[in-house]
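Report on the following structure.
Each reported figure results from applying straightforward, stated rules to the coordinates on display, with no laboratory input. All values reported here derive from a predicted model rather than from experimental measurement. Don't worry about glycine lacking a Cβ; one is built from the backbone with ideal geometry, like all the others, and counts go over all protein chains shown.
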Amino acid sequence: MTSTFTALLCLGLYLSQTIGAQTQILSKPIIWAKPNFMIPKGRPVKILCQGIPEATEYQLYFEGRLSARQSPRQPGIRNIVSFPISAMTLLTAGQYRCIYRSGELWSNPSDPLDLVVTEMYDTPTLSVHPRPEVSSGDNVTFYCRLETATNMFFLLKEGRSSRPQPRYGNTQVGFPVGPVSTAHRGTYRCFGSYNNHAWSFPSEPVKLLVTEDAGDTSLAPTEHTSFSDSWDPHLLTTNPAVQQDPALWNHTAQNLLRMGLAFLVLVVLGYLLTEGWLCRKRIQQELQGTGRQELKIAPTAISLPVDKY
């Protein structure tokens, strides 16, 4: 019985470790570009990838193909590797993703990083109508025009790495924005493009001024706003709450699984021990019953001769 107990215990521990390792979930890494995702032609840029502290290897993929490998120099809380690009060109503009390895496991791919090369075409012009100074709640439209024909335009708000708003058109497009609030105050530029990753020179800046009404307390765009400037890849790396997110390792699922396996092993062991004890008890009872029957039969089985004389 001791050998059975030991074998089952070892089996339970092995299953717990094996299944626990298989259910570890490596969170996807964070990817961003420095100084920005828009890089003028010929300028350098770095693609940064951050994984968990235990990450030992990173791989960078460009347009779905493996592009580079890198190992962290100083593993730790800020486990970050850098993939430098010495000069931005049409050949290096495109979509990037990265993954990392910890032990024998590989993470899921990061969110896509669209790296854009600028200063590839002529300079567009940007204007805002009806006027650059409006009241909160009004509607405005930015018009971007490029003398040479193109097929796409992008509008961005300066000061933050906002997500560009695309529009299709040949020489001019309009970007309706509104109802505006004080959150729309800022400087805007537009770009012309023949594809998502090769843009023109930036337009001259246009500043939008929004005066706040007395009854307006909102500092955020409404649901009817045409575009949002709330996305910033740099916030993903400077926010401590993101870097130390406990979801990087799904410990809860692993612990629950191991506890379930341990409980199952204990139930099986308890069942086997109980069966063994009951079996021994039945054998003892049978032996005791047999002994009592022999004692009852023995006196009748012995016959003594009678002396007739």
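List of remarks:
- The C-alpha atoms of segment 30-118 occupy a region whose extents along the principal axes are 39, 24, 17 Å, arranged from largest to smallest.
- Pairwise FRET efficiency - residue 196 versus residue 71, Cβ, R0 = 41 Å, nearest 0.05: 0.85
- Label separation (residue 129 vs residue 63): 3.8 nm, computed from points 7 Å beyond Cα along the C-beta direction.
- Using the Cβ-Cβ distance between residue 25 and residue 269 with R0 = 35 Å, the FRET efficiency computed as 1/(1 + (r/R0)^6) comes to roughly 0.70.
- Equivalent ellipsoid dimensions for segment 121-211 as semi-axes, Å, which come from the Cα gyration tensor, largest first: 23, 13, 11
- In terms of packing, defined here as the mean over residues of other Cβ atoms within 10 angstrom, the peptides 274-287, 163-176 line up highest first as 163-176, 274-287.
- Estimated at 0.36 nm per residue, the fully extended path between residue 171 and residue 278 surpasses their Cα-Cα distance by 29.4 nm.
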